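Each reported figure results from applying straightforward, stated rules to the coordinates on display, with no laboratory input. If you're wondering where the values come from, they're calculated on a predicted model, not measured in any experiment. Note that we place each Cβ from the backbone using ideal geometry, even for glycine, and neighbour counts take in every protein chain shown.
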């Protein structure tokens, strides 16, 4: 009997601590859900607190900025104080922040509560992934993360559906209060099911790296979130980018030379880890970009409710969730490259198909395309992360998880900002082209419309001049409507090109685990450390 195959089968038979996985899945789902569920409640909050669009946006922006600041710290905190203890405290902060958000009496109190909520949420996701890698058998990590990834994929799609229902039929405060009982139950499960990790003594806190990363990521994320409103060339946005570049450059220099950095950037010397992070960034932009664009199209342009929008997008999340355990099983046995190539190909094709969406497209067709696209995301999202994490030595999984999640967070924010700018510019372009093609004074269609409106005006006792003004108004509204649809379709083409780059890169994704299927724990740790740090 082949000893390699026998050892492989014994590895795959190792028991999975499902109680730990369930705890982490619940926490991750709650943290990611609150990144999307709030959006549909913003108009209601504006009415309640008497806020305008610029100020209410800080309910979302404050959460995003705080995530970007605290995520890099999660690895150090877990190594120094224990992963169970830190996860428990992060979950407790998230629950407390959720309660305060629901109890908010003013917009300022709501924003402050969102910051508290994000401090916990920003630590939950990377720490949860690290706990899974520390407690679960590496031979079955693909299957396990396939289950864990259901929460990461389903939450952004479920958020608008659940939020739309609660805002429309219950109360907007319930989008926060709903986290409290679930979070309290999960706190009990964390206390009873998670074991404490071994503390790493003698760690020196990287204060310089923390300061530079906080300033750099804060300015970068703030600039990307406000650029579409203030303009990329405005002094405020340019100043933010300058500060971000200077701070992040100093941060990178510090991390490379610091003996115990908060983000282990030397891991990027490993090509597998680097490609996995680039792919994860592309997939994050693809996932959150479509989650951002589809509500604009369905609600803002086509006039449907938030609940209807959520129902159209929900099957895509279900498809991702159903396929993820299969993608994990495939990864454990055959590696990442084949299934990631398949997934990115599906994402590329379906994203390009979405550029044909318009006001005549049946909602059933939209749902089908989004569902197939969800299958592609489910196939490649977790195997990409697994390939990168498997290139990391066991004692660095906390730092690697923080790095991957931070890169994904920044990429998604920057990608959405770029896509928003492209959409706005293309809308102006298409509106101008439509105005040139629909001249009311010279075009046959325009003259025919004027004739019909003049006849209607006489019947209603209106002056002919008013009929012309009415006609111009109707044409203008229609041009705005069509130009927005065409602009969103153009953005889908850009997103498809980006996905195509991910498809090409997936051919270079070599899986470390597949090349070294059998090794002792010590040998595996030594070999992987050499791969990670030498490249």
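Rounded to 0.05, the FRET efficiency of the residue 46 and residue 480 pair, given R0 = 25 Å and the Cβ-Cβ distance, is 0.65. The simple Förster model, with R0 at 22 Å and r as the Cβ-Cβ distance, assigns residue 249 and residue 208 a FRET efficiency of 0.95.
Stretch residue 305-residue 239 to full length: gain in nm at 0.36 nm per residue minus the Cα-Cα span? Working shown, then result.
On the way: separation 66, 0.36 × 66 = 23.76 nm, distance 3.83 nm.
Between residue 305 and residue 239, full extension yields 19.9 nm more.
May I ask you to sort 109, 506, 281 by Cβ crowding, counting other Cβ atoms within 10 Å and putting the fewest first? Please list the in-between numbers first.
On the way: 109 14, 506 25, 281 21.
So the ranking, lowest neighbour count to highest, is 109, 281, 506.
Peptides 293-300, 30-37, ordered by how many other C-beta atoms sit within 10 Å of their residues on average, highest first, read 30-37, 293-300.
Look at 212, 352, 176 and count the other Cβ atoms within 10 Å of each Cβ; fewest to most, that gives 352, 212, 176.
Once both labels are positioned 7 Å from their Cα atoms along Cα-to-Cβ, the gap between residue 266 and residue 433 label points is 5.3 nm.
Give me the extension gain from residue 510 to residue 425: residue separation times 0.36 nm, minus the current Cα-Cα distance, reported in nm with one decimal.
Numbers: separation 85, 0.36 × 85 = 30.60 nm, distance 3.90 nm.
Stretched fully, the residue 510-residue 425 segment lengthens by 26.7 nm.
This ranking places 232, 148 by how few other beta-carbon atoms lie within 10 Å of each, fewest first, which gives 232, 148. Rg/Rh for region 207-259 (Cα atoms only, Rh after Kirkwood) is 1.08. Treating each Cα of region 1-193 as one equal point scatterer and applying the Debye formula with no solvent, the log10 of I(q)/I(0) at q = 0.08, 0.09 Å⁻¹ comes out as -0.30, -0.37.
Over region 1-193, what is the relative contact order in percent, taking alpha-carbon pairs closer than 8 angstrom and at least six residues apart?
39 percent
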